[in-house]
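Laboratory data are not the source of any read-out in this text; all were calculated from the coordinates shown. Please read these numbers as outputs of a predicted model, since none were measured by experiment. Cβ coordinates were reconstructed from backbone atoms using ideal geometry, including for glycine residues, and neighbour counts include every protein chain displayed.
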Amino acid sequence: MTAALRAEWTKLRTSPGTAGLLLAVVAATVAVSAAAAASARCPAAGCGQDPGKISFTGVDLGQAAVAIVAVLAVSTEYSTGMIRTTLAAMPGRVIVLAAKAAVVTALVLAAGAVAAAGSLLAGWLILPGRGFTHAHGFAPLTLTDGPVLRAAAGSVLYLALIALLSLGAAAAVRDSAVAIGLVLGVLYLLPIVAAVVSNATVQRHLLQTAPMTAGLNILATTSLRSLPLSPWQGLAVLTAWAAVALLAGGLLLRVRDA
Amino acid sequence: MDVVKTMFATAEYRRGLISNTFAASPRRGQVLAAKAIVIAAVSFTAGLVAAVIAILLGSYVLRANGNYVLPANLLTVARMAAGTAGMLAVAAVLALALGAMLRRSAIAVTVVIAAIILPYLVAVTNLLSPGADNWLMRLVPAAGFAIQQTIPNYPQVSNTCTVAGGCYPLAPWAGFAVLCAWAAAALGLALVLLRRRDA
């Protein structure tokens, strides 16, 4: 396993684009979070806004870059033919996938931590000027506040789970364009469907099962009772999605000809 | 009614987009232009068929379930069907241009989705304040969705205009023009890059 980890680390570190994409994760997340914070308004007490959710809005866009990193980690091997060398050197295919998952997850956790810190800083700086003040019933965003800590750590975990989901999908379909289309389709289209469905029960079930809407419950810091799922339940749903994708990718990698 | 069509449009779009970006490894300007024309024509035809089916099926299902469907005259419906198909065609050209520019299908697909579907998602789910939503839907390629609006806007009625309610901040053709402008700019840039770069 150590050798496999080293091999995957070397491949990911030296392939062009990895560093740029991880930078894009941070830049996209922080920029969108800052923009969301700057466009938020809380004119009076009880405005019903969630400062935690607003501060981490950038995760919506950052996850797209995370998905690219994870998909490319698998699919470039297929497009360049590298996969044959990899599997000749390391015949244990499940170990190869596990090593890839470990390396990609570690990198995404690191980038996600920077992105979350930047987003939190942006929210902490911008939101008080937008009406999120003590007078309107909001404490400043700090990590010593339990829900804020959960949202910050949760956004990092969310990104890591998105990486695992994308990795599994890429291992299953083997082509980068199809894999990224599949992942982003599942992530972005299901919430649109959920938003436009008029039947309240169907809508609630969709919000509870779609990976993005369920997983993003972890960002909520206020009015948790009105959520379709509790924060950790939501993250558990996303974990199930990632597990299924990894399992499918691992099984297909094992039984199929490369 | 809008709801069903929009869903069909985005799903269809994603499928079209992927196969298009696949094909996006052209050599030089003429090839790119030829590819753009072919892809636009194919997407338009496929989109038109899908849109007509979606409109017929959507209004039938809505009526069968006892919903009142706001009357829209034939011209508006035709504009919506042709507009949806046109939107898919232009979006396909945008995807092609980005594919030629970026030369990595995964990144190109992501950029197109982030430019068209993500703003729509943000607007539909009211993630930002309504003012910011409207500005977003005016500026990004997702403005093209405005072509699907069938309910007229009356300035004297102070209904808040939200995308979730089927109301777009731009007039239908203006929104379509925004998408066209993006596609044209991307195609132009792709041409310049293709001429300059080593294939």
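Electrostatic bookkeeping for A:E8 treats Lys and Arg as +1 and Asp and Glu as -1; over the other residues with beta carbon under 11 Å from its beta carbon, the sum is +3.
Charged neighbours of A:T18, selected by a Cβ distance under 14 Å, balance to +2 (K, R count +1; D, E count -1).
Counting Lys and Arg as +1 and Asp and Glu as -1 over every other residue whose Cβ lies under 15 Å from the Cβ of A:L227, the net charge comes to +3. What is the distance in Å between the Cα centroid of the range A:168-225 and that of the range B:47-116? Here the answer is 21 Å between Cα centres. Per-residue Karplus couplings for the range B:180-187, computed as 6.51 cos²θ - 1.76 cosθ + 1.60 with θ equal to phi - 60°, are listed in order as 4, 4, 4, 5, 5, 4, 5, 5 Hz, Gly and Pro entered as x.
When shorter helices are ignored and each DSSP H run of at least 4 residues is given -39500 (n - 2.57), the per-residue value for chain A at 222 nm works out to -24000 deg cm²/dmol. When the trypsin sites (Lys or Arg not before Pro) in the range B:32-113 are filtered for DSSP coil states and for at most 16 other beta-carbon atoms within 10 Å of their beta-carbon, the remaining sites are B:R103.
Result for chain A in a Gaussian network model with C-alpha springs under 10 Å: among A:A44, A:A177, A:A152, the largest mean-square fluctuation is at A:A44. Site-free segments of chain A were taken between trypsin sites (Lys or Arg not before Pro) in DSSP loops having at most 15 other Cβ atoms within 10 Å, sites themselves excluded; the longest one is A:42-255. Using only the Cα atoms of the protein assembly as shown, each taken as one equal point scatterer with no solvent, compute I(q) by the Debye sum, divide by I(0), and report log10 of the ratio at q = 0.07, 0.13, 0.14 Å⁻¹. The Debye formula, applied to the Cα set alone, gives -0.37, -1.26, -1.40.
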